[in-house]
């Protein structure tokens with residue numbers, strides 16, 4: 001059986017986190033959604049996404065295909081139900097399709113998938129499918145703030161998946177730990193003179209990661225491979241630090257996708273930060289209004305601020321974005337891809353992709369050639385090379401987000 005993860009209509013609602021990646025490569029818990037499905041299937045999966053991403057994320061068609069909604073996170077019961085699907089059957093929950101089984105002849109993939117049952121898309125013809133209702137509890141992400149909202153549950157599920165039948169590396173006696181049975185340390189990781197409380201949720205320390213002296217961590221928490229928690233950091237769960245990242249200061253209920261630095265003091269809470277971001281020293285975000293009102297967040301689909309349903313909601317920052325020292329972000333701020341932000345005072349609550357400047361001096365367009373040059377330099381610092389596909393994706397996002405830089409009002 002061939003497995004394909006497709007982007008549904010939530011893709012644009014998940015901007016800016018899905019501007020440079022398919023929905024399947026969102027990190028929530030320890031793993032990305034794609035990695036979770038591959039762990040369960042013990043097989044690679046391919047991606048059906050927007051055209052401008054398809055070169056980097058190619059689709060593989062098979063004689064028999066199970067297409068799975070990429071915004072849905074797997075669990076053992078859900079995987080069992082999907083495995084039972086016969087050709088022409090679809091597993092449905094409420095107003096969205098979880099998965100369906102379709103043969104090669106009925107699979108028309110001339111366009112990217114948009115599989116919302118409330119959408120008039122004809123990109124994949126689902127007529128004639130036999131719908132099977134599903135009431136198995138599972139995580140589905142529809143908006144960026146769902147990523148940190150469901151992160152605690154996702155960490156617990158991934159922790160169980162990754163550690164089943166395995167034994168943790170020894171915990172150094174220099175550490176002060178609570179509920180050691182809920183702590184798992186991968187080979188090569190270094191944890192010394194830290195305080196770790198896993199009583200409220202598991203703590204996962206990835207391969208070759210490091211927790212420096214004086215760090216204080218409360219689970220649920222995941223530190224992915226080759227990442228570093230710096231000295232004296234204070235981290236409240238549920239928080240995930242993706243691979244090859246450095247974090248310091250104070251974090252609370254935050255997901256960092258990877259290759260990102262928040263290496264100094266400052267508070268980031270109830271937030272999602274993409275890859276290749278850098279937060280200057282003493283960067284802070286508000287995650288609660290003084291009025292205790294519900295937080296509104298910018299939505300790309302509706303092109304306006306919409307209710308998040310949350311009282312605590314901080315910063316959403318797209319990939320490659322950076323901010324200078326002492327930057328202050330308002331409650332419920334959304335920053336696009338490749339923005340360069342600096343200056344005193346609170347920044348605006350929506351900053352489009354490829355913006356350069358501050359709320360005081362104003363914003364100009366970040367030249368695409370300069371942005372790509374900076375991205376190349378950032379990759380080289382990590383011993384990597386910006387690929388042709390990555391460059392083309394950034395160029396596509398620059399064009400795609402042009403209307404937001406020119407037409408969208410920055411204030412609520």
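Observations
- Taking region 344-361 as the range and being modelled with pLDDT of 90 or more, touching a strand residue (DSSP E or B) at 6+ places or on another chain (Cβ under 7 Å) and either over 20 Å from residue 393 (Cβ atoms) or crowded, with 22+ Cβ neighbours inside 10 Å (or both) as the test, the residues that pass are 346, 347, 349, 350, 351, 354, 355, 357.
- Residues (assigned to a loop (DSSP other than H, G, I, E, B) and under 18 Å from the mean Cα position of the chain (by Cα)) located in region 281-309: 300, 308
- Any chance residue 328 is crowded, with 16+ Cβ neighbours inside 10 Å and more than 30 Å from residue 9 (Cβ to Cβ): yes
- Residue satisfying condition, being under 19 Å from residue 348 (Cα atoms) and surrounded by fewer than 21 Cβ atoms within 10 Å (Cβ to Cβ), within set 250, 294: 294
- Within region 138-156, being over 17 Å from residue 257 (Cα atoms) and buried (at least 20 other Cβ atoms within 10 Å of the Cβ) holds for one residue alone: 139.
- Qualifying residue in region 222-237 (condition: in contact with a helix residue (DSSP H, G or I) (Cβ under 9 Å, 6 or more places away or on another chain), in the same structural domain as residue 319 (by TED's automatic domain parsing) and on the phi < 0 side of the Ramachandran plot): yes
- Scanning region 338-358 for residues that are under 17 Å from residue 280 (Cα atoms) and part of a loop (DSSP other than H, G, I, E, B) turns up 338, 339, 342, 343, 344, 345.
- Residues that are surrounded by 11 or more Cβ atoms within 10 Å (Cβ to Cβ) and either in a helix (DSSP H, G or I) or under 21 Å from the mean Cα position of the chain (by Cα) (or both), drawn from region 362-377: 368, 370, 371, 372, 373, 374, 375, 376
- Applying a threshold of 7 Å to beta carbon distances and a minimum spacing of six or more residues, or different chains, the list of pairs starting in region 153-170 at a residue that is over 16 Å from residue 200 (Cα atoms) and ending at one that is modelled with pLDDT of 95 or more and surrounded by fewer than 18 Cβ atoms within 10 Å (Cβ to Cβ) reads 161/39; 169/187.
- Filtered residue count, region 213-235, keeping only those that are surrounded by fewer than 22 Cβ atoms within 10 Å (Cβ to Cβ) and either closer than 18 Å to residue 252 by Cβ or more than 25 Å from the chain's Cα centre (by Cα) (or both): 8
- Test result for residue 135, at pLDDT below 95 and over 29 Å from residue 316 (Cβ atoms): yes
- Region 378-390, residues that are surrounded by fewer than 13 Cβ atoms within 10 Å (Cβ to Cβ) and closer than 20 Å to residue 226 by Cα: 380, 381, 382, 383, 385
- When the residues of region 101-112 are filtered to those that are touching a helix residue (DSSP H, G or I) at 6+ places or on another chain (Cβ under 9 Å) and surrounded by 14 or more Cβ atoms within 10 Å (Cβ to Cβ), the one that is modelled with the lowest pLDDT is 112.
- Residue check, residue 334 in a strand (DSSP E or B) and outside the structural domain of residue 54 (by TED's automatic domain parsing): yes
- Options 176, 164: the member that is farther than 20 Å from residue 238 by Cα and either surrounded by fewer than 17 Cβ atoms within 10 Å (Cβ to Cβ) or in contact with a helix residue (DSSP H, G or I) (Cβ under 6 Å, 6 or more places away or on another chain) (or both): 164
- Checked against the criterion of being within 18 Å of residue 30 (Cβ to Cβ), part of a loop (DSSP other than H, G, I, E, B) and within 23 Å of the chain's Cα centre (by Cα), region 180-192 has at least one qualifying residue.
- Out of 197, 261, one residue alone is surrounded by fewer than 24 Cβ atoms within 10 Å (Cβ to Cβ), more than 24 Å from the chain's Cα centre (by Cα) and free of Cβ contacts under 8 Å to residues at least 40 places away in the same chain. It is 197.
- Counting only helices (runs of 4 or more DSSP H) that sit wholly inside region 1-83, those with at least 2 residues that are more than 16 Å from the chain's Cα centre (by Cα) and without any contact (Cβ under 8 Å) to a residue 24 or more places away in the chain are 76-83.
- Any hit, region 269-279, residues being free of Cβ contacts under 8 Å to residues at least 40 places away in the same chain and either closer than 18 Å to residue 327 by Cα or assigned to a strand (DSSP E or B) (or both): no
The values are calculated or read from the model by the stated rules, or taken from the named source; none is laboratory data. All values reported here derive from a predicted model rather than from experimental measurement. Glycine also receives a Cβ, built like all others from the backbone with ideal geometry; neighbour counts cover every protein chain displayed.
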